[in-house]
1. Can you list residues whose amide H is under 5 Å from L72's amide H, if they're 5+ apart or on another chain and H is modeled 1.01 Å from N?
2. Taking the stretch 47-120, how many lysine pairs are there with alpha carbons less than 23 Å apart, if each pair must be eight or more places apart or span two chains?
3. Once whole DSSP H runs in the chain are found, which of them have Cα atoms spread over 24 Å or more along the helix axis and a mean Kyte-Doolittle score of at least -1.0?
4. On a full-extension model of 0.36 nm per residue, what is the gain between L68 and R81, subtracting their alpha-carbon distance, rounded to one decimal in nm?
5. What is the spin-label model distance, in nm, from M152 to S23 if the labels are put 7 Å beyond Cα along the C-beta direction?
6. Output the relative contact order of the chain, whole-number percent, from Cα pairs under 8 angstrom with separation of 6+ residues.
7. Need the C-alpha centroid separation for the stretch 193-211 versus the stretch 56-92, integer Å.
8. Would you list which aspartates and glutamates come within 15 Å of K244, measuring only between C-alpha atoms, while excluding same-chain residues fewer than 8 positions from it?
Amino acid sequence: MQASLGSAYLLAGVREKAGAAFSKLADVDPQGNYFNDVAYQMANADLKLPLALDYAKKAVRAAEVESLKITLPDLKLEDLRNIQTVAAYWDTLGWVDERMSNLEEAELYLRASWKLTQDGVVAGHLCHLYKRIHRIGSAIQMCRLAIDRMSMSGQLALSQVGTEMAAAQENLDHLTSGAAKLKSTGDASDVVIRERTFKIARFLPATESAEFFVLLASDGKSKTFKVADVKFISGSDKMKLQGKQLKSIDFNFPAPSDTPTRFVRRGILGCYQYSGCSFVLLDPASVTSLN
């Protein structure tokens, strides 16, 4: 109710009362269940940003600590959804940082969030950030990715998609008008697939494929996530013992936090006659089963 009260005041344009309501949230929500959502609203409104930063950091830490319970032998459906939570909370923290002009940390968290789920909202935030720091090529690419991925975002209500899409399109139009367009890095959908595809040296001569879960973990010290465990799900019997191939892959998932964190990805390990062997990560939003 306290969070809703603050939101209502914010929508009505009564910023002082909205700020006062949000300031009382910690007293009535000791578990921090609403910290992320409120921090995101405050960031969008440029309201009490130091408090928004505090809420966002607490929400991120809680989600990261909760993720440490994930193990592949005891994998649960809610563990598969954890990646969406961590990515969304990293996005909020990055967006608050951007609003406060903490630009290096903002990029760190926004980029890490994008790599986890390739969410259109996060791409839009990166587009805005790169435009602000005059990295025009990166800004154009992220704007295009935002437009391509926005309708699939897990962070938006259907009524919000149009507004966010329009903002990304406005940024893209501004970046590409009045001057020769920079060389494109490729169609946005192709970029998304390329970022999820990892080539491996051929280890089977025939055409075989199977699905695996991969548990990735950070230790709070290194700057990237490492493969902690793999689990065969289904597919070719010849692939059952080939999970070891996945442990050598550098998935290039940035670890922005000094808190150890875990998440699970599902993908297809395959060897094909002409294209060789590869591991392709599935979109986390499409992974809804343990089988």
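1. So L72 has HN proximity to no qualifying residue.
2. Working: K48/K57; K48/K58; K57/K69; K57/K115; K58/K69; K58/K115; K69/K115; K76/K115.
Lysine pairs, 8 or more places apart or on different chains, close enough: 8.
3. Both cut-offs are met by 49-67, 77-99, 158-176.
4. Working: separation 13, 0.36 × 13 = 4.68 nm, distance 1.37 nm.
Using 0.36 nm per residue and subtracting the Cα-Cα distance, I get 3.3 nm.
5. About 4.3 nm, to one decimal.
6. Details: 483 pairs, mean separation 48.6, N = 291.
The normalised contact order for the chain reaches 17 percent.
7. The distance from the Cα centre of the stretch 193-211 to that of the stretch 56-92 comes to 28 Å.
8. Partners within reach: E211, D229.
The values are calculated or read from the model by the stated rules, or taken from the named source; none is laboratory data. Since the model is a prediction, treat every value here as computed from it, not as a measurement. Cβ coordinates were reconstructed from backbone atoms using ideal geometry, including for glycine residues, and neighbour counts include every protein chain displayed. In case anyone asks, the SASA skips ligands and DNA or RNA and just uses the protein heavy atoms, side chains included. Shrake-Rupley method; radii C 1.70, N 1.55, O 1.52, S 1.80 Å.
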